[in-house]
Every structure is written in structure tokens, then in C-alpha cells.
Amino acid sequence: MTDGGLEAILMLNRSALLRFLSLRSGGADPEDLLQELWLKVQSLEAGPIAEPRAYLFKMADNLVHDRRRADLRRNSRDDAWSGLGRGASPTASTQPTPEEALIARQQLRLVDEAIDALGERTALIFRSYRLEGMGQREIADKVGISLSAVEKHLQKAYRALTDMKDRLHADSLNPRRRGTEGHEDVAE
Amino acid sequence: MSPSDDQMREAAIAWYLRLREPADADWDGFMAWLEADPRHDALYQEVADAHDGYGDLVEAVDAHRPSNDNVQTNPRRLKFFAGIVTAAAASVAGIVGYPMLTASPATYAVETQPGQHQTVRLDDGTRIELNGDTKIMLRKGDARFTSLDRGEATFTVVHDASDPFEVHVGADVYQDAGTVFDITRDNNGAVETAVSHGAVLYNPGSDAVRIEAGRVLRTDRGRATLASIDTATVGTWRDGRLIYKQAPIARIASDVSRNLGVPIRVSPDIAAQTFSGVVILGGDDSTILPRIGAILDISVAREADGWHMSSRARDSR
């Protein structure tokens, strides 16, 4: 039942994908990653895909990301935020311990406060996007604003999110440096 | 952090957000950006990690939420399949039932809006999953009766040979024989019944045609035809996938319209053209319909109140 369409497109874009994998993985083993991508493509259910080239790049991007996350978890079990990471697949998760859940609750409260501080509309748009899984276009239609306005709200929220991650990460490595650097607010 | 670092971080977030929207994804532009500065990749990765990290926090908190939690902290589940979930989320409010005064014994309708999905469980454990723009009738106190007035539903029946489950479609009766089956009734009255497990008896009192698993019965204006169907493709609309073998575009348009809740007009010259393959329904209509156009190799354009499918030749650019 396999139609070789996606594989053929992978072949055609082999050098571009290799370049991409090399850029995204810090030069480590792009050939190896391409093989992994190939296997994933072959195990996909047959069926037409609208933007096959973009689809392959997205798959390649996810592949690098998942691998980095797996490495990160192996190397830093005590980084609270990333230590909670249980893989990209939600079904493969193991239950967090009560202590981990407590830390997660405290951290989530801090993150939520940071998001709420950006204003009601930004917080609503971020949560619709991240928790409800709504697309940016869908949010634009629902809220009645332009797509680029949605992106601006999300840009703000993701900025706060990455800043908060930096800060929590720094805290977990050196608690005495709490809130002293590395998290200037968004100038706005 | 220097201002240029700040700008780089903003660019990283912008790339991350844009690459998650399939319609806006410019992977070549992204590669050029990655090549422009060795720090770009790490910044992009940080955004991806923050995105995932937030999800991990929410999941970790949800996993340990006590069952008698107070209402202040409403549970947040991450949803991973945007388009499908939002369509289904519209229907969580429960069954829209209303009593019908004309029909007896007490019959009531369960109806979905276009784009809305709903699952009904009958007392005997039988499950009826309604696609969008669908209307079924049920009887109070009689879990073995259903009629399909409009649209599409998948029936997962708890079989009882002594009291078979029946679906009435117009004047026809479909009787289960241990069954999972899907019935579609389009706006012109054509009915398609596909069986994935067990068997269904068509008009047991008269025609008594047995539709086995892997078979599909199509009736249209008095003509009935039986054909083979891959059982794995029955009722896949429930996962947001529509699977076709030699299906006319008119049929595909009507299925997509029912699932998304948007009107779709099909030019007569392509209505009978056939397609085999999968149509995946992730996203909203403005992302799905252009995709379907590409898959079916037809032109799809937005109209005032919906969409129009026509032959690609007419808009050769």
C-alpha cells in the first residue's frame, strides 16, 4: 500500500535536507539523521500530502528536536524544567513523582503570572494557541484581528516563556542568583 | 544581553511561529537564516524547548491534579490535533435533544451542526457517532431503533440476535448482525452503507440483502449496487481522515462540507471526476480546502458564502 511519492521527493531534496539537518544538528551526523528520516517516511501510511517538501522539512526539524530533547534529558536530570520533559510523545510519558509535580506546579504558576502580565488578550491568544491547539489563522478569525497581530501577541508570549525558562534554569543551577540577570523584560 | 541578541531572539521566535503554520512555512528562508549566524540555531532551539517545556509543566501538573480539585484551577489538557479537536470541542455540551410531538412512541432527534461531531451512547452500550450536519431519530425506551434522516453516522452495535438493532433510512431498513457500520445519506437521497465488522441485513423483510464486512451497499433512486471496500477505511471521518477509492468529486465535496461546516459548490464538469486516496482534515477550511485542491488537482476558490471547486484548466496561471 506504499506509494513512493514522498520518498521520491525526499530523494529529490536530499542535498537540501542534508544541509538543513547539518545546520540544525550542529554538523553532527546529518547522514545518519537523513537515514532516520528516510525510515520514518517509509513507515508512514500511504496517502497524498499537500506540501510534501515542507512536510519533509517539518519531519526533519522534529527529528532533530526530539533527538536533542532526548540528549538533554540524559545529560541534565536535575534541570527542573527540562528534567520534567518526558519526550515529545505524550503517550510515552511516565508519571512524574509528587515532588516533580510540586515543582511543576510552582513553575507553572510563575510562567502563568508572566503570561498574564502581558495582558488579557495576549494571555488568551497564547493559551488558545498552546493549550487548545488552535491555529494562528483560526485565532485571527475568532478574535477578529489580523494574522500578523496574532503573531505579535504570540511573539510577546513566547518571549516571556523563553525568558522564564532561562530564569528558572539559572535558578535551578544556582539558587542564589535568583532574578539577578538574564531576563530583561520585553521593552514595550 | 546586547540589542542584537535581542533581535536575534525575536527573529528566532518569529521563525518558530511561522514554521508551525504549514501555509507560511518558508524552509529555504529559514535555512538561509540559520546559515547567517551560528548562534541562530541555538536560539531557535531554545524557543522550541520553551514551547515543549511549557507543555511538560501543564502535563505534569494535570497528572497530579486531585480528583476533587476546586473549580479555580480548571484542568488543561494539551490538545495535539488542532483542527479535529476544535470541531469536536464544539459538541461537548451534550446531546441536543428535543421531543417530537408528531412521532410516537416518544421519538426525539439528535442533530449536529455542520462541522460538529457528536457521540451518542444508547442504554445497551451501542455507540452512534454523528458526523457534522447529521440528524438521527431515537426512541425513548427502545435502544434498538434509530433512523438516519440526514448526514452520516457510524454505528458500533452491541449485538443481540433476539432483538436486532435497526437503522431506518427513508423506507429502507438496515438490520445489524454483530456490527460496526457507517451510513451516509447525501442531500439527494443517495445512501451508502459500509460495513467494517460483522454484517448488516438490508431490508430483512423484503430484499434481505446481506452486506458482509468489507462490503459497501450504495442505493440511489431505486438502484442498488454492492462493492468491496477496505474495512480500515470505514468511518475514518472520526479521525479526520476521509479515504476514497474511485469516489466522484461531488461526493468528496459533500463529505468535506459536512465535516467542516462550510458550503462547497462543485462545477458540473468535474463533479463526476473520480479520486482515490486520502483527504486529511487537519486545520480550518482556509488551510484544508486549498490543500484538497492540490490533492484532487482541481481549482478551489473562496466564494461569498463558501467555496467553489472547478477544473484547473480554467484558471491556468
Original post:
What is the one condition in (1) at pLDDT 60 or above; (2) surrounded by 16 or more Cβ atoms within 10 Å (Cβ to Cβ); (3) touching a helix residue (DSSP H, G or I) at 6+ places or on another chain (Cβ under 8 Å) that A:A80 does not satisfy?
Top reply: (1)
Original post:
What pairs can you find where one residue is in the range A:21-37 and over 12 Å from A:M59 (Cβ atoms), the other is among the polar types (S, T, N, Q) and at pLDDT 85 or above, and their Cβ atoms are less than 6 Å apart, with a gap of 6+ or different chains?
Top reply: A:P30/A:S22
Original post:
A:R121 passes all but one of (1) modelled with pLDDT under 85; (2) more than 8 Å from chain B (Cβ to nearest Cβ); which number fails?
Top reply: (1)
Original post:
Hey, any hits in the range B:293-311 for a residue that's more than 30 Å from B:R20 (Cα to Cα), modelled with pLDDT of 85 or more, out of contact with any Cys (no Cβ under 8 Å at 6 or more places or on another chain) and away from chain A (no Cβ under 11 Å)?
Top reply: yes
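Here's a check for you: in the range B:147-165, which residue that is more than 12 Å from B:I183 (Cα to Cα) and touching a strand residue (DSSP E or B) at 6+ places or on another chain (Cβ under 7 Å) is modelled with the highest pLDDT? Step through it out loud before you land on a result.
Of the range B:147-165, the ones more than 12 Å from B:I183 (Cα to Cα) are B:157-165.
Add one more test, that the residue is touching a strand residue (DSSP E or B) at 6+ places or on another chain (Cβ under 7 Å), and what stays is B:157, B:159, B:163-165.
Numbers: B:V157: 87, B:H159: 81, B:D163: 85, B:P164: 86, B:F165: 90.
So the residue we want is B:F165.
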**OP:** Give the residues of the range B:193-212 that are touching a helix residue (DSSP H, G or I) at 6+ places or on another chain (Cβ under 9 Å) and buried (at least 19 other Cβ atoms within 10 Å of the Cβ), sorted by residue number.
**Re:** B:A194, B:V195, B:S196
**OP:** Find the residue count for the range B:213-270, including only residues that are of a type outside the set (A, V, I, L, M, F, W, C), in a strand (DSSP E or B) and farther than 27 Å from B:G293 by Cβ.
**Re:** 5
Original post:
So A:R167 clears everything in (1) facing chain B (nearest Cβ under 9 Å); (2) within 20 Å of B:R9 (Cα to Cα); (3) at pLDDT below 85 except one condition, right? Which one?
Top reply: (1)
Subject >> The listed residue being surrounded by fewer than 20 Cβ atoms within 10 Å (Cβ to Cβ), outside any strand (DSSP E or B) and aliphatic (A, V, I, L, M), out of B:V120, B:V158 >> reply: B:V158
Original post:
Quick one: which of B:D239, B:D269 is of a type in the set (D, E, K, R), out of contact with any strand residue (DSSP E or B) (no Cβ under 7 Å at 6 or more places or on another chain) and free of Cβ contacts under 8 Å to residues at least 60 places away in the same chain?
Top reply: B:D269
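Results for (1) part of a strand (DSSP E or B); (2) more than 7 Å from chain A (Cβ to nearest Cβ); (3) modelled with pLDDT under 50, shown as yes or no for each residue.
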residue: B:A14; (1), (2), (3): no, no, no
residue: B:D28; (1), (2), (3): no, yes, no
residue: B:V58; (1), (2), (3): no, no, no
residue: B:Q72; (1), (2), (3): no, yes, yes
residue: B:T86; (1), (2), (3): no, no, yes
residue: B:S104; (1), (2), (3): no, yes, yes
**OP:** Check A:R127, A:R137 and return the single one that is surrounded by 18 or more Cβ atoms within 10 Å (Cβ to Cβ), under 24 Å from B:P22 (Cβ atoms) and modelled with pLDDT of 85 or more.
**Re:** A:R137
**OP:** Could you tell me which of the residues A:I115, A:I49, A:I103 is at pLDDT 85 or above and either crowded, with 16+ Cβ neighbours inside 10 Å or over 21 Å from the mean Cα position of the chain (by Cα) (or both)?
**Re:** A:I115
**OP:** Could you tell me which residue of the range B:272-292 is farthest from the other protein chains (Cβ to nearest Cβ), considering only residues that are among the hydrophobic types (A, V, I, L, M, F, W, C) and touching a residue at least 60 places away in the same chain (Cβ under 8 Å)?
**Re:** B:L281
Original post:
Being at pLDDT 85 or above, under 12 Å from the mean Cα position of the chain (by Cα) and part of a strand (DSSP E or B), is that true of even one residue in the range B:125-135?
Top reply: yes
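Which residues, taken from the range B:106-117, are assigned to a strand (DSSP E or B), aliphatic (A, V, I, L, M) and surrounded by fewer than 19 Cβ atoms within 10 Å (Cβ to Cβ)?
If the condition is that a residue be assigned to a strand (DSSP E or B), aliphatic (A, V, I, L, M) and surrounded by fewer than 19 Cβ atoms within 10 Å (Cβ to Cβ), then B:A109 is the only one that fits.
The values are calculated or read from the model by the stated rules, or taken from the named source; none is laboratory data. Quick caveat, the model's predicted, so the values are computed rather than measured. Counting neighbours? That spans all protein chains shown, and the Cβs are built from the backbone with ideal geometry, glycine included.
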